[in-house]
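Bear in mind these aren't lab numbers, they're just calculated from the coordinates by the rules spelled out. These numbers come from a predicted model, not from an experiment. Reconstructed Cβ throughout: ideal geometry from the backbone, glycine too, with neighbour counts over all protein chains shown.
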Amino acid sequence: MPPAPDRSRFLAACRLEPTDVTPVWFMRQAGRYLPEYRALRERHTLLELCHEPDLAAEVTLQPVNRLGVDAAILFADILLPFEPLGLGLTFTAGEGPQITRPIRDPSQVAALPPVDPAAELGFVLEAARLAARALPPEVPLIGFAGAPFTLASYAIEGEGSRTFARTKRFMYAEPAAWHALLERLAELVGRYLALQAAAGARALQLFDSWVGCLSPQDYTAYVLPHTRRALALAAEGGVPVIHFGTGTTAFLGEFAAAGGDVIGVDWRVPLDVAWQAVGPTRAIQGNLDPAALLAPAPVLRTLVRDVLARAGGRPGHIFNLGHGVLPETPVAAVQAVVEWVHGG
Ligand code: CP3
């Protein structure tokens, strides 16, 4: 039975309702593995694509047209709020994000300017409006933002990190400034997410991509209250919220306790084990290793089947990767995964 236009199979799964087949979409489904994305990137920088609503909406739709996925994720970046926060944001080819004025001193937290996301991130909201209007009704738009911890890690490190040494030093040495910073970020992203829902996003995802670098105790003490606040504000948008993290196996119960209608997990935990830890009242998203899409087709097929078998056909599973699509991924592999997930 095809999904009713106002009740996509992706949204049904978010609400733990049964679906005809398992819904599927991919983190980073718009990106460098797609030739049509690379073609646009030859003419525009990443930040131009984000700042120009027509282009952002166009990129949002590219994977929907190509792949037949059950949801579209808005084209933007979790670091865009750093621009109105005055931290300075650039992307250098091959090196990822660079923050030009990183937070290294507690006084910088108190000096952060107030940010009105409706105005200063209005270009993202406009892209959401355009994309939502252009999408077929059975393919909802997902809005997103970075979680307080993951954003703080970039704000403090000034770039990506393996050890998060500066972040953790700041957290341990300056707890008052740490909590003030995460409070500011939680308020900002929570309101920003609710605004994305008002602009047409029919689900929201909070990315805590690097939170798995923390011990369970530190997660609970230094991060959980702020994530909970961000998720509570996002919930005011009135649409399902996905709470995603990687490396969260050791504290999945706490991670889920912070909130989210759907919990997103990576491949380092078997899906059934994760779902058990999260509990039966929450939907689950994941969790194929993105590198599986580089495997020969029969191997990939076995790995896809394993994820589906662990979900066991229970309502509330949204098929996804455990993290974003890798740039070297063949488009045909992504298409095959969609077919296999939909075909059973
Ligand atoms: O299709 C989609 O998923 C939507 C668009 C999207 C982007 N960034 C565009 C982008 C989303 C959801 C993000 C989220 C994001 N951005 C996260 C959280 C998800 C994750 O992967 O953990 C993080 C940590 C960032 C920060 C960021 N942006 C990094 C570390 C990088 C460089 C690394 C890389 O993948 O190149 C970016 C750049 C970026 N953001 C690209 C895209 C498509 C790279 C493409 C380009 O240069 O054109």
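At a glance:
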| item | result |
| --- | --- |
| At 0.692 mPa s and 37 °C, Stokes D of the range 205-344 from Kirkwood alpha-carbon radius, µm² per second | 211 µm²/s |
| Estimated dipole of the range 237-344 in Debye, rounded to 20 [Cβ of Lys and Arg +1, of Asp and Glu -1, Cα centre] | 200 debye |
| P(r) tail fraction, the range 6-151 - alpha-carbon pairs more than 25 Å apart, % | 36 percent |
| Rule-of-thumb Rg ratio for the range 9-341 [Cα; 2.2 N^0.38 Å; N residues] | 0.93 |
| Centre separation in Å (Cα based) which lies between the range 1-65 and the range 126-184 | 20 Å |
| Among 181, 204, 294: highest mean-square fluctuation, GNM of the chain, C-alpha pairs under 10 Å | 294 |
| Cβ-placed point charges (K, R +1; D, E -1), dipole of the range 9-341 about Cα centre in debye, nearest 20 | 460 debye |
| Cβ-derived FRET efficiency at R0 22 Å, residue 93 paired with residue 295, nearest 0.05 | 0.20 |
| Computed lengthening from residue 161 to residue 276, 0.36 nm per intervening residue step minus Cα-Cα distance | 38.3 nm |
| Over the range 119-208: Rg over Rh, Cα atoms, Kirkwood Rh | 1.09 |
| Cα gyration tensor category, rounded, prolate or oblate, for the range 173-220 with a/c compared to 1.5 | oblate |
| Pairwise FRET efficiency - residue 118 versus residue 174, Cβ, R0 = 30 Å, nearest 0.05 | 0.45 |
| GNM top mover of 280, 315, 216 - the chain, alpha-carbon springs below 10 Å | 280 |
| GNM top mover of 242, 78, 142 - the chain, alpha-carbon springs below 10 Å | 78 |
| Options 111, 248, 125, ranked by Cα towards positive dipole end of the range 9-341, top entry (Cβ charges) | 248 |
| Interchain or long-range residues, amide H under 5 Å from residue 146's placed H | 207 |
| Phi-based couplings in Hz for the range 178-190 (Karplus 6.51, -1.76, 1.60; Gly and Pro marked x) | 4, 5, 5, 5, 5, 4, 4, 5, 5, 4, 5, 6, x |
| Structure-based [θ]222 nm, the chain - -39500 (n - 2.57) summed over DSSP H runs of at least 4, per residue, nearest 500 | -13500 deg cm²/dmol |
| Burial order of peptide ranges 326-332, 143-149 (average beta-carbon count within 10 Å, highest first) | 143-149, 326-332 |
| Local electrostatic count, residue 229, Cβ distance below 12 Å [Lys/Arg +1, Asp/Glu -1] | 0 |
